[in-house]
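Structure first, commentary second.
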Amino acid sequence: MKGIKMRTKILFAVVSIFLFACLTIAPPVEDAPTPFEEASQPTSTTQDIPDTPSQPTGNGPTIAGCPMFPADNVWNTPIDTLPTHPMSDAWIASIGSAESIHMDFGSGEWDGGLIGIPFNIVAGSAVPKFDAEFYYPDESDPGPYPIPDNPSIEHGSDHHILVVDTETCLLYEIFDASFDGTNWAGGSGAIWDLNSNALRPDTWTSADAAGLPILPGLIRYDEIEAGEIKHALRFTAEVTAGYLWPGRHLTDDPQDGVPPLGARFRLKADYDISGFPPEMQVILQALKTYGAFLADNGSNWYFSGAPDERWDNDMLHLLDVLTGSDFEVVDASGMVVDVDSGEAR
């Protein structure tokens, strides 16, 4: 991911020079770029982060009393009635029509670490705050970041840290986090107001390649116990190109037949889930109702969740029988209210 992002930064620098030259001979174009156009670099390297959150709306998913974005956010909006995207078959084939899906989380450990992406719940005033240093600072929020002692960190190459501050309902996410004994550092960092529909500035990454938040897309065991997942999931693919709303960032130029980051996939409506255990039916129904965002580069069809000792790993492997051909891509263009907002129709 690091090498891909560096090539992306070089590409955007070249595009910015070209646009500057064009502006000397032509009036500025006011229209926002389409999802597949190469946008110029943002003029600001920071975004406004509120000191206190706005009031929550609706009854969407929550964690520790904080909403996982407003109820009308694109993460929390069903897509089961949306039309199929015209590139659906090609994008499915690119990832692998015959490849099995995999639930990339569970109980216990694998290779010495927890299985899945953990998250931390803190009261921000009670934990240390750090002005983390990033090697992509121009696309990162400077912080400070409240990080507890010995935080839970994703095991593996990405080393994500996810932190929810229950006092402000702000979500802090860091990619490639490391601690030198004094300060935290990382590849990139993003801060999200969980009561807001604001997206990242266009072309910005986050702690995820697509420029999306990670935590709202994790499958959590508490949702299995509740009997319903009320949000979209997230998954990875080896090769992506371009990006679609609500994605904000790409890893490679748009290419015919290659799926863009931010594309939303769903389990086909006629797939029979009745033979699976009730716990797995909760996940499968969410994939039908809310679908899943292509959020990052990684192993094909790997779906993300939070580690939890209550997961039955053998049960999770029952879902390995599903393949890419059981999914389709939806055309989410009709959901857009504003390309710079996560609010959805």
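The values are calculated or read from the model by the stated rules, or taken from the named source; none is laboratory data. Quick caveat: nothing in here was measured; it's all calculated off a predicted structure. Cβ sites come from the backbone with ideal geometry, for glycine too, and all protein chains shown count toward neighbours. Note: accessible area is taken over every heavy atom of the protein model, side chains too, but ligands, DNA and RNA are not part of it. Shrake-Rupley method; radii C 1.70, N 1.55, O 1.52, S 1.80 Å.
Remarks
- Close pairs (7 angstrom Cβ cut-off, 6 or more residues apart or separate chains): over 28 Å from Met103 (Cα atoms) in segment 321-345, modelled with pLDDT under 95 and open to solvent by 50 Å² or more (accessible area, probe 1.4 Å) anywhere: Val339/Ala32
- Enumeration of residues in segment 122-165 that are among the β-branched types (Val, Ile, Thr) and touching a helix residue (DSSP H, G or I) at 6+ places or on another chain (Cβ under 8 Å): Val164
- Annotation: Gly124 fulfils all but one of (1) under 18 Å from Thr166 (Cβ atoms); (2) open to solvent by 60 Å² or more (accessible area, probe 1.4 Å); the unmet one is (2).
- For segment 136-171, residues that are out of contact with any Ser or Thr (no Cβ under 8 Å at 6 or more places or on another chain), more than 29 Å from Trp110 (Cα to Cα) and assigned to a loop (DSSP other than H, G, I, E, B) total 4.
- Any hit, segment 263-279, residues being open to solvent by less than 10 Å² (accessible area, probe 1.4 Å), farther than 21 Å from Ala344 by Cα and in contact with a strand residue (DSSP E or B) (Cβ under 9 Å, 6 or more places away or on another chain): no
One line per residue, one yes/no per condition, for (1) over 23 Å from Ile283 (Cβ atoms); (2) open to solvent by less than 40 Å² (accessible area, probe 1.4 Å); (3) part of a strand (DSSP E or B):
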position	(1), (2), (3)
Asp80	no, no, no
Asp89	yes, no, no
Ala93	yes, no, no
Ala98	no, no, no
Met103	no, yes, yes
Ser107	no, yes, no
Pro118	no, yes, no
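- Qualifying residue in segment 266-284 (condition: closer than 29 Å to Asp176 by Cα and part of a loop (DSSP other than H, G, I, E, B)): no
- Number of positions in segment 207-223 that are in contact with a Phe, Trp or Tyr (Cβ under 8 Å, 6 or more places away or on another chain) and open to solvent by less than 10 Å² (accessible area, probe 1.4 Å): 11
- When the residues of segment 172-191 are filtered to those that are farther than 18 Å from Trp204 by Cα and assigned to a strand (DSSP E or B), the one that is farthest from the chain's Cα centre (by Cα) is Phe179.
- Segment 235-292: number of residues that are over 24 Å from Glu343 (Cβ atoms) and aliphatic (A, V, I, L, M): 11
- Only residues that are in contact with a Ser or Thr (Cβ under 8 Å, 6 or more places away or on another chain), part of a loop (DSSP other than H, G, I, E, B) and either basic (Lys, Arg) or free of Cβ contacts under 8 Å to residues at least 40 places away in the same chain (or both) were counted in segment 218-265, giving 2.
- Residue selected from segment 141-164 under the condition in contact (Cβ under 8 Å) with a residue 60 or more places away in the chain and open to solvent by less than 50 Å² (accessible area, probe 1.4 Å), by the criterion nearest to Leu199 (Cα to Cα): Asp141
- Filter result (open to solvent by 10 Å² or more (accessible area, probe 1.4 Å) and among the hydrophobic types (A, V, I, L, M, F, W, C)) within segment 178-190: Phe179, Trp184, Ala185
- Tally, over segment 304-345, of residues that are open to solvent by less than 50 Å² (accessible area, probe 1.4 Å), farther than 21 Å from Val282 by Cβ and either among the hydroxyl-bearing types (Ser, Thr, Tyr) or not in a loop (DSSP other than H, G, I, E, B) (or both): 6
- Condition met for Pro137 (open to solvent by less than 10 Å² (accessible area, probe 1.4 Å) and of a type outside the set (Lys, Arg)): no
- Residues that are of a type in the set (Ser, Thr, Tyr) and in contact with a strand residue (DSSP E or B) (Cβ under 9 Å, 6 or more places away or on another chain), drawn from segment 145-181: Tyr145, Ser152, Thr166, Thr168, Tyr172, Ser178
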